[in-house]
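Novice: Can you read through this structure? Questions will come right after.
No value in this document is a laboratory result; all are computed from the given coordinates. Model, not experiment: these values are computed from the prediction. Cβ placement follows ideal geometry from the backbone for every residue including glycine, while neighbour counts extend to all protein chains displayed.
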Ligand code: RAM
């Protein structure tokens, strides 16, 4: 993405014909006639660092009536002066987290979390104070004891060897004239803690102990300025956070607390000086996405006493986050232990087998007085928690954490079980969008698996505004790309973990940008060089155009319950898809030569695909659902073979139910309904026998499972994996019928084609980049009634189930057909 800010707006009211953007007296776009515009990239003189800019957009409608909206943005730092600092790791004693069972992977102690403090003097009234801050590890910062910012697990996860995000926090209101204290607690996080299923290696994943960098920029009321940065004047001590780890959990020993350490007046004479670890600022980058926040709190659905000092809490919802516990006065030294799990065993106790080496155990050691405990640097995936060590539980809640993407969609229909499925999909999105799109939030994995992200993205885009979240992740993906063009399977890249990309996983480096471009309309998502480098990488190693070499760990159609789709067929279908989409991306950027070259390549791959895998018209090698789905969805077949292939797909689905794994599941209902079998797509949606979505719902699922039937070896049986939740895109796009024409981006040319199946009503709304889209339909008195809201600047082609077609402008429209189908 270009670094200059994209200034965007959503539309309400009349269709615009022209816009003008003005940025704080430094730039005006001039009046631009463009009825399609919903954004403008800043193109003025270089912006000053650390500066707030007010900006406004004026839009004119056909009658020349203007409307203006105002907003502002603030720029980050361009040059840093502060040093990286840390507690001297050799002077710190390691602590062992509580462990059970196999200790093989758990033989590294964890470090107590360092508390770093710096007292400083504000010589007069401060008009503005900005804290620019980052960590190798995680940080929680306070100013005079007040928490700075509402981000959690900051600065977020990136490949720290390439890029380290920093945040800019407005802390003006916490600064006093005179003495002030900046306090920062650091934790290992993704930097030096346990990450994924790879045991922490000698060098750990990125570093051995956490480090801090911060600059507090003070602007005094008299206009003068001062910077308080991290340097060797900081002091470090240790307090009650004995360790904190994303997978193992967090331990607070309140007997070791250092009250007042982050406020003026604390005597830090017994604390040590920090060590300066470096001055490299080259990897620091302003974070482009919403931070992880504590988004809501959930009360228990049930609390059961397990013994004199043990309780089982059921939150009624599988989620990602942690507990908040109000504890009564306890005997000093009492250990309160919280363990988490997604499910219970036959005896009604926590079943933690599927967490693998993630202990997911938080510990509080009481100092005596009543207190509120909430860990700060860990999160767990759980529905149930067992709390032991306290006889009388005070208030308990689950704090839900996720990247705070604005919610954008709603979907509801006449089948309550389908509505539960939609809610499960939403919860899967919440629990797995935590700084990066993860596969699952509970076990020792939580990695940015690329196929999972790619298949779920269309559903995610309907549920929430994920533009910034994925713009950030695409940087992770590009950071993970090898110099010769290879994408990995997980981003951020982790040394030693699934490094060489598999078909459908690595291809997310092309599929994700294309999908984001279509939904949000910003060509900057399309980094053609990066996309083309990937296509050329596969091509270079597979000159005969059948992708057999360099397929990484080739996960094939992961977790497909049915017969295996031939691996080369599946791989070659993705090779074609990546070439085809990269050609289109080149076209968007006007790179005609690349477009032509890649289009030719895509055509040649298609020819090779047909020759190799299509032995007879409408038949594919392996004769599997996923094979037909990929070929149909990616346009791999000659036109006259499409109908027979779609028929064969339908036969297989009718005969066996769904047999796809991760790489076909997102295509099942969309492809069936695109080829005249909406009835069958509905039958799949409503099916309750395993494998099916509603089988999960009937069995009490509150998130989507990793496996269709939820039955697998505990080592790989997550109950919060969103890949199969990709059906969510078809709820909005199929059942409610919100779509766009093939060449349209950002829903400029809507295609509304509801597919009622045998539901009696459905409604969906979606805050698109352009404005609000809504569809609501019902069957009543023998007729089909449809209400559609088309956002300003858009038009819609509306297809009624009886075959009527209407072209309508923006605004609210009602349609009725007497025939139901
Ligand atoms: C599993 C992950 C993920 C999948 C890979 C192939 O371990 O959970 O969902 O993409 O393997």
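Novice: Quick one, what does Rg over Rh come out to for the range 505-576 if you take C-alpha atoms and the Kirkwood Rh?
Specialist: Numbers: Rg = 13.8 Å, Rh = 13.5 Å.
Here Rg/Rh amounts to 1.03.
Novice: Hey, what angle do you get for helix 639-656 against the long axis of the chain, alpha-carbon based, 0 to 90 degrees rounded to 10?
Specialist: For helix 639-656, the angle is close to 60 degrees.
Novice: Taking just the alpha carbons, could you work out the radius of gyration and Dmax for the range 522-652, both in angstroms?
Specialist: 15.1, 43
Novice: If contacts are Cα pairs under 8 angstrom and at least 6 residues apart, what is the relative contact order of the range 18-78 in percent?
Specialist: Values: 98 pairs, mean separation 20.8, N = 61.
About 34 percent, as a whole number.
Novice: Set the Förster radius R0 to 22 Å, insert the Cβ-Cβ distance between residue 34 and residue 589 as r into 1/(1 + (r/R0)^6), and round the FRET efficiency to 0.05. Provide the component values of the computation, followed by the final result.
Specialist: Values: r = 18 Å, r/R0 = 0.82.
So the FRET efficiency works out to roughly 0.75.
Novice: Please determine, in degrees from 0 to 90 and to the nearest 10, the orientation of helix 416-432 with respect to the longest principal axis defined by the Cα atoms of the chain, where the helix direction is its Cα long axis.
Specialist: 50
Novice: Using alpha carbons only, how many degrees (0 to 90, rounded to 10) separate the axis of helix 450-463 from the longest principal axis of the chain?
Specialist: 80
Novice: Give the distance, in whole Å, between the Cα centre of the range 529-549 and the Cα centre of the range 331-410.
Specialist: So the two Cα centres are separated by 46 Å.
Novice: Go through 78-90, 61-73 and give me the packing order, highest mean Cβ count within 10 Å leading. It would help to have the intermediate numbers written out before the result.
Specialist: Details: 78-90: 18.0, 61-73: 11.5.
Peptide ranking by packing, descending: 78-90, 61-73.
Novice: Would you mind classifying the range 207-304 by shape? Square roots of the alpha carbon gyration tensor eigenvalues, ordered a ≥ b ≥ c; an a/c under 1.5 is rounded, otherwise it is prolate if a/b is larger than b/c and oblate if not.
Specialist: Values: a/c = 1.68, a/b = 1.37, b/c = 1.22.
Because a/c hits 1.5 or more and a/b exceeds b/c, the range 207-304 counts as prolate.
Novice: For residue 687, project a label point 7 Å along Cα to C-beta. Then give me every residue of the range 701-725 with its amide nitrogen under 19 Å of that point.
Specialist: Taking a point 7 Å out along Cα→Cβ of residue 687, the residues of the range 701-725 whose backbone N falls under 19 Å are 701, 704-712, 723-725.
Novice: Applying a 10 Å radius around every beta-carbon, put 426-436, 205-215 in order of their mean neighbour count, most first. Show your work: numbers first, answer last.
Specialist: Details: 426-436: 27.0, 205-215: 23.2.
The most tightly packed comes first, giving 426-436, 205-215.
Novice: Stokes-Einstein D for the range 737-821 at 10 °C, 1.306 mPa s, Kirkwood Rh over Cα pairs, in µm²/s?
Specialist: 124
Novice: Which value, to two decimals, describes the C-alpha radius of gyration of the range 84-289 once divided by 2.2 N^0.38 Å?
Specialist: Details: Rg = 17.2 Å, N = 206, 2.2 N^0.38 = 16.7 Å.
That works out to 1.03 for the range 84-289.
Novice: What 222 nm value per residue comes from the helices of the chain, counting each DSSP H run with n ≥ 4 as -39,500 (n - 2.57) and dividing by all residues, nearest 500 deg cm²/dmol? Could the numbers behind the result be given before it?
Specialist: Values: 14 runs with 172 residues, N = 821.
Mean residue ellipticity at 222 nm (helix-derived): -6500 deg cm²/dmol.
Novice: Place a point 7 Å from the Cα of residue 549 along the Cα-to-Cβ direction; which residues of the range 473-496 have their backbone N under 20 Å from it?
Specialist: Within reach of a label on residue 549, which here means backbone N under 20 Å from a point 7 Å along Cα→Cβ, the range 473-496 contributes 482-488.
Novice: What spacing in nm lies between the two simple spin-label points modelled at residue 177 and residue 541, each 7 Å away from Cα in the Cβ direction?
Specialist: The modelled label-to-label distance comes out at 6.6 nm.
Novice: What is the Cα centroid distance between the range 153-230 and the range 616-682, reported in whole angstrom?
Specialist: Value for the Cα centre distance between the two parts: 50 Å.
Novice: First measure r as the distance between the Cβ atoms of residue 65 and residue 406, then evaluate 1/(1 + (r/R0)^6) with R0 = 22 Å and state the FRET efficiency to the nearest 0.05.
Specialist: 0.15
Novice: What is the ratio of the Cα radius of gyration of the range 6-74 to 2.2 N^0.38 Å, where N is its residue count, to two decimals? Spell out each step's value before the answer.
Specialist: Details: Rg = 12.2 Å, N = 69, 2.2 N^0.38 = 11.0 Å.
Computed over Cα atoms of the range 6-74, the ratio equals 1.11.
Novice: Turning to a different aspect of this structure: In square nanometres and to one decimal, what's the mean projected area of the convex hull around the Cα atoms of the range 273-411?
Specialist: Directional mean of the projected Cα hull area for the range 273-411 stands at 13.2 nm².
Novice: Rank by packing, highest mean first: peptides 33-45, 247-259, with packing defined as the count of other Cβ atoms within 10 Å averaged across residues. Write down the numbers at each step before the final one.
Specialist: Details: 33-45: 16.2, 247-259: 20.5.
The peptides rank, most packed first, as 247-259, 33-45.
Novice: A further question on this structure: Computed over the Cα atoms, what is the radius of gyration of the range 287-369 divided by 2.2 N^0.38 Å, N being its residue count? Please list the in-between numbers first.
Specialist: On the way: Rg = 15.1 Å, N = 83, 2.2 N^0.38 = 11.8 Å.
In units of the 2.2 N^0.38 Å rule of thumb, it is 1.28.
Novice: Among the DSSP beta bridges whose two residues both lie in the chain, what percent are antiparallel, rounded to the nearest 5? Before the final figure, lay out the partial values.
Specialist: Working: 152 of 162 bridges.
Taking every DSSP beta bridge with both residues in the chain, the antiparallel ones total about 95 percent.
Novice: Once you sort the root eigenvalues of the Cα gyration tensor of the range 370-503 as a ≥ b ≥ c, which label holds: rounded (a/c under 1.5), prolate (a/b larger than b/c) or oblate (the other case)? Intermediate values should be presented prior to the final figure.
Specialist: Working: a/c = 2.33, a/b = 1.37, b/c = 1.70.
Cα axes put the range 370-503 in the oblate bin.
Novice: Continuing with this model, one more query. For q values of 0.07 Å⁻¹, compute log₁₀ I(q)/I(0) with the Debye formula on a Cα-only model of the chain, without solvent.
Specialist: -0.56
Novice: Something else now. Fully extended, how many nm does the chain gain between residue 90 and residue 651 (0.36 nm per residue separation, minus their Cα-Cα distance)? If you can, show how the numbers build up before the last one.
Specialist: Working: separation 561, 0.36 × 561 = 201.96 nm, distance 6.63 nm.
Working it through step by step, the gained length comes to 195.3 nm.
Novice: Just the C-alpha atoms of the range 409-736: what Rg/Rh do they give, with Rh taken as the Kirkwood radius? Could you put the intermediate results ahead of the total?
Specialist: Details: Rg = 18.5 Å, Rh = 19.7 Å.
Rounded to two decimals, Rg over Rh is 0.94.
Novice: Using alpha carbon centroids, what distance separates the range 1-28 and the range 269-292, in Å?
Specialist: Taking the Cα centre of each part, the range 1-28 and the range 269-292 sit 34 Å apart.
Novice: Would you calculate the separation in nanometres between label points at residue 226 and residue 41, each defined as 7 Å from the Cα along the Cα-to-beta-carbon direction?
Specialist: If labels sit at residue 226 and residue 41, their model points lie 4.2 nm apart.
Novice: What FRET efficiency comes out for residue 484 versus residue 280 if R0 is 35 angstrom and r is the Cβ-Cβ distance? Round to the nearest 0.05. Let's see the in-between values first.
Specialist: Details: r = 26 Å, r/R0 = 0.75.
In this case the efficiency is close to 0.85.
Novice: Would you kindly state how much longer the chain becomes between residue 127 and residue 813 on full extension, computed as 0.36 nm times their sequence separation minus their alpha carbon distance, in nm to one decimal? List each step's numbers first, then the result.
Specialist: Values: separation 686, 0.36 × 686 = 246.96 nm, distance 5.14 nm.
My answer for the length gained is 241.8 nm.
Novice: Could you work out the relative contact order of the chain, using alpha carbon pairs under 8 angstrom and six or more residues apart, expressed as a whole percent? If you can, show how the numbers build up before the last one.
Specialist: Working: 2001 pairs, mean separation 85.4, N = 821.
Relative contact order comes out at 10 percent.
Novice: Also, quick follow-up: Within the range 214-230, name every residue whose backbone N is under 15 Å away from a label modeled 7 Å from Cα of residue 72 along the Cβ vector.
Specialist: Only 219 fall inside the zone, counting backbone N under 15 Å.
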